[in-house]
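Below is one structure, written out as structure tokens; comments come after it.
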There are 4 protein chains.
Amino acid sequence: MLIRIYYEDTDAGGIVYHTNYIKYCERARSELFFSRNLSPTDGENSGFVVRHIDSHFLGMSRLGDTVEVCTTLVKKKNSSIILKQSISNDGKEVFVMDITLVFVRDGKPHLIPEKFSEILC
Amino acid sequence: MLIRIYYEDTDAGGIVYHTNYIKYCERARSELFFSRNLSPTDGENSGFVVRHIDSHFLGMSRLGDTVEVCTTLVKKKNSSIILKQSISNDGKEVFVMDITLVFVRDGKPHLIPEKFSEILC
Amino acid sequence: MLIRIYYEDTDAGGIVYHTNYIKYCERARSELFFSRNLSPTDGENSGFVVRHIDSHFLGMSRLGDTVEVCTTLVKKKNSSIILKQSISNDGKEVFVMDITLVFVRDGKPHLIPEKFSEILC
Amino acid sequence: MLIRIYYEDTDAGGIVYHTNYIKYCERARSELFFSRNLSPTDGENSGFVVRHIDSHFLGMSRLGDTVEVCTTLVKKKNSSIILKQSISNDGKEVFVMDITLVFVRDGKPHLIPEKFSEILC
């Protein structure tokens, strides 16, 4: 997934504001669902929620750059998954994170529905 | 209402990203409700929606500045209101807008409930 | 220019937060420059700044929708331009605005450089 | 530091968008500097940059809530610091992170200037 850096993404330091890398990763995760006509939620009170993010900021990106987000599955459990998402800018890795998502129904961890199995592989 | 300018508010130009002034005005409107223990909505399917904004960008603000938002009622109709909201930085007006809000219930304009009358005066 | 709606774009009302439409228009303007290997700035202390936005919010967009931004030149003067930018969602116009941009050098309006003439037509 | 939750902070799930907690922590760090009339930067090409964030999302916040950010120093080295920042909502911890900040001059780690010592204790 390619993402262009616009003014809204930068800060007074002239580079991408740090939390925006984490937003780009969320866009890439959502796109995994949308591109298969699925939603990250499953009805009113269930869906994936972010539980843990361990992130490393390795480089910078500037206005007009195009960065690429890559997402790979690290681990799949009954009600949660761990993904590795990295962002590269002109071939150089500028950000990488491990993220744990828990599938929750009515506020409690719940078995991940079968329909998501195709995405998470 | 006073608002501090943080990194997230600025862009690569070193100043506040233009649409953020409109966000600050929304904060000030919401605060009018919250400070009276009210919500800008009234149940599931009703609330105020933005219909029109006419905005002038008159000056700049930088990281660490504190700006002040002032809100005054311009006009009140049965189902809509027009507010003037201005933002000043160190005594100088940097932004001003007229905003039209319509009270909507189930997708249609609706008489503004009595409980909001105290706020809108 | 096509823009996908992600979680970050929506608010607790379940729809796109109003100021984000204005951000999408900025992305479309920047893309006009980037796609020609140009920058919206011209050296350290000059570039286009937003002076006035007159905007109408006509409809709603939701998570996963793809909206389209169209930009047309309304008027071109020596040091400023007026653009009309509209956003449609599934063929229906949800937002339209007129925006005045002023070319500024060292804080003062300045003749728009020749190199931008190709874009602004 | 107290932070009110506005529409811009929430997403279509009705709760605070996850990366915004990390933005609130940045506001709190900046405020440490601003409240002492200092800047997080030190001249053109030096300042603190985010290197690593390890974050846990423990609960939810909703429109109109007021959350509190607490910041404590975990470790101080020559050119970097580790802070623990936690966010509580109505007495319940909803977010906690460890963040590593490196002081950088001309793109390289550099001894943290003396003037910041008062803040970092």
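Read-outs: derived from the displayed coordinates by stated rules, not from any lab. Values in this document were obtained by computation on a predicted structure and should not be read as measured data. Don't worry about glycine lacking a Cβ; one is built from the backbone with ideal geometry, like all the others, and counts go over all protein chains shown.
Given the pairs D:Lys77/D:Lys108; A:Lys77/A:Lys115; B:Lys92/C:Lys115; B:Lys92/B:Lys115; A:Lys76/D:Lys92; D:Lys92/D:Lys115, which are separated by over 23 angstrom at their Cα positions? Listed pairs above 23 Å: B:Lys92/C:Lys115; B:Lys92/B:Lys115; A:Lys76/D:Lys92; D:Lys92/D:Lys115. Ordering D:Leu2, D:Leu83 by the number of other Cβ atoms within 10 Å of each residue's own Cβ, fewest first, gives D:Leu2, D:Leu83. Across peptide A:52-60, the average count of Cβ atoms from other chains found within 10 Å of a residue's Cβ is 5.
Per residue of peptide D:73-81, the mean number of Cβ atoms on other chains within 10 Å of the residue Cβ is 0.
Find the percent of Cα-Cα distances in the range C:74-121 that exceed 16 Å, and round it to a whole number.
50 percent
The angle separating the long axis of helix B:19-34 from the principal Cα axis of greatest extent in chain B is about 50 degrees.
Entry note, the range C:2-116: relative contact order of 28 percent, from Cα contacts under 8 Å with a spacing of 6+ residues. In this simple spin-label model, placing a label point 7 Å from the Cα along the Cα-to-Cβ direction at both B:Lys92 and C:Ser39 gives a separation of 2.5 nm.
Determine the shielding of peptide D:95-103 by partner chains: average, over its residues, the number of Cβ atoms on other chains within 10 angstrom of each Cβ.
The shielding value for this peptide is 1.
Alpha carbon centre of the range A:87-110 versus the range B:85-117: separation in Å? Going from one Cα centre to the other spans 37 Å.
When the alpha carbon coordinates of chain C are projected onto the principal axes, the ranges are 43, 24, 24 Å, largest first. Each other residue within a Cβ distance under 11 Å of A:Ser88 adds +1 if Lys or Arg and -1 if Asp or Glu, for a net charge of -3.
Net charge within 10 Å of B:Glu26 by Cβ-Cβ distance, Lys/Arg positive one each and Asp/Glu negative one each, not counting B:Glu26 itself?
Around B:Glu26, the surrounding residues sum to 0.
Taking GluC sites (Glu not before Pro) across the range B:49-121, the ones in a DSSP loop with at most 13 further Cβ atoms lying within 10 angstrom of their Cβ are B:Glu118. When D:His110, D:His18 are arranged by Cβ crowding within 10 Å, least crowded first, meaning fewest neighbours, the order is D:His110, D:His18.
Let me know the charge dipole size of chain B about its Cα centre in debye, to the nearest 20, where only the beta-carbon of Lys, Arg (+1) and Asp, Glu (-1) is charged.
For this selection, approximately 380 debye.
Could you list D:Arg51, D:Arg62, B:Arg29 so that the one with the fewest beta carbons within 10 Å of its beta carbon is first and the one with the most is last?
In order of increasing Cβ crowding within 10 Å: D:Arg62, D:Arg51, B:Arg29.
With all projection directions averaged, the alpha carbon convex hull of the protein assembly as shown covers 23.3 nm².
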